[in-house]
Structures are given as C-alpha cells and as structure tokens.
Amino acid sequence: MSRTLSEADSKAFLSEFNIPFATEVLVSTADEAVAAANAVGLPVAVKLCGEQISHKTERGLVRLGLSDSNSVHEAATALFAAAQPEDCATGVLVAPMISGARELIAGLSVDEQFGPTVLIGIGGILAEAIADVAVRLLPIAEVDAMDMLDQLQTQSLLDEFRGEPVVDRIAVGKVLLALSQIAAEHPEVLSIDLNPLIISDGQPIAVDALVEVQS
C-alpha cells in the first residue's frame, strides 16, 4: 500500500533537501488567502491542497494569475466549495506566479526490477510532443547529473532563449542529486514528481510537487 502526500507536505519534505520552491502559504479561509497573496506578492496562483488530490488542473482546482484581492477571495471561496470529502483537503495554497519561457520535469521512481531511478526532461506543453528525457539508475554523482543534461536532445532550450539567460546546469544538477539523496536516505519514498521545474532567470524553481510513500 502507498499514499501520496499533499502538495504542501510534499514540498515541506523536499525543502529539507534544498529543492528550490517559491514561498507559499497554506491557508484555511478566503480571508487568509487574501492576506497571504498580499504577503507573497501579487499576482498569485491558488490551489486546493489535500492528501488525495493529485490531478488539480484537470478538476479545475488551480487558479492562476490572480492580480487583486477580490479575485483571490473569489477563487479561494470557489476552491473551498469544490472540495470533496474524499479529497482530504487541508487548505488552499497561495503562491506567487513564477514566470519563465522554459519548463523542465524531474522525478524519482522505483522500478520493480532495477530499483530507484531519476529522470530529467523537457516539460511544459512540449513534453509529450518531443518526449525528450534522460533516465539514470541511482545513486548518481554530479558527473552523472551533468551527463543527463547533456543527453537531452533539445539543448537549445538550455542555452539563452527568448531573452532569458542560459540554464544554470549546476542548479538543475543539484535537484537531481537531491533526489538521489532522498532515495538513499528514505527507502519508503516510492516516487517524486516535480512538474514543472520552471526556469526563471536561469534558475530552476519547482512549482508543483508530489511525493508517494510506502504506507
């Protein structure tokens, strides 16, 4: 048996391994959402958070680009109302909007035959179209993380792109090394999904995360 941690709990766990996230606030009322939005800085995204919510976008449980207090209050109110008992909702996450023209995906999974593996690839709307990923058995060292990035076919997206600086490969590599460390220290972790890793000013920032653990 396994269970998936809520987005907030997943991020709290992963933050201990220095995986980069934007500042976020978990709130329990619409008024608290407004206060949190003003604290982290508008515009913001708000998302329903729960232990059994893994497909928020498909269910309309994510609201993006909210630029004023009224829209934040309305969105949070609607999200609280949309929560189902089976969601085990814990609140609404309020996060600043992170902008970047490029997105990566990264993750950890445990193969029944080969054991834990780590993945890095091109994310966003191009992910399914180009299927550009690199996978490596764990554990990995820094040289392996750099090799994985070199293995990606769409190297131009890692260079200067649409006026944005080159991707900090060392910073992305540290994310992969963190996933390797987690696999070594926490064998109860079955999978980790960081999707997307938005590249903002060359730096990777994970805006969504889910951790599955053995229960």
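Quick notes on this structure:
- Compactness of the range 120-215, taken as the C-alpha radius of gyration over 2.2 N^0.38 Å, stands at 1.10.
- Bridgeable lysines around Lys47 (alpha carbons under 20 Å apart, same-chain partners fewer than 8 residues away excluded): Lys11, Lys56.
- Compactness of the chain, taken as the C-alpha radius of gyration over 2.2 N^0.38 Å, stands at 1.03.
- Stretch gain in nm, segment Leu42-Val166, where the contour uses 0.36 nm per residue and the Cα spacing is subtracted: 42.0 nm
- With respect to the chain, whose longest principal axis is taken over its alpha-carbon atoms, helix 30-40 is tilted by about 50°.
- Given +1 at the Cβ of Lys and Arg, -1 at the Cβ of Asp and Glu and no other charges, the dipole of the chain around its Cα centre is 260 debye to the nearest 20.
- Across all C-alpha atoms in the range 95-151, the radius of gyration and Dmax reach 13.2, 40 Å.
- Loop-located GluC sites (Glu not before Pro) in the range 1-33 (DSSP state not H, G, I, E or B) with no more than 12 neighbouring Cβ atoms inside 10 Å: Glu16.
- Distance between modelled label sites at Asp31 and Arg3, nm, 7 Å Cα→Cβ extension: 3.2
- For the range 23-96: rounded, prolate or oblate by the Cα gyration tensor [a/c cutoff 1.5]: prolate
- When the trypsin sites (Lys or Arg not before Pro) in the range 158-198 are filtered for DSSP coil states and for at most 15 other beta-carbon atoms within 10 Å of their beta-carbon, the remaining sites are Arg162.
- The helix-only estimate of mean residue ellipticity at 222 nm for the chain, built from DSSP H runs of length n ≥ 4 each weighted as -39500 (n - 2.57), is -9000 deg cm²/dmol after division by the residue total.
Read-outs: derived from the displayed coordinates by stated rules, not from any lab. Since the structure is predicted, the reported quantities are computational estimates derived from the model, not experimental observations. No Cβ is skipped: glycine too gets one built from the backbone with ideal geometry, and neighbour counts run over all protein chains shown.
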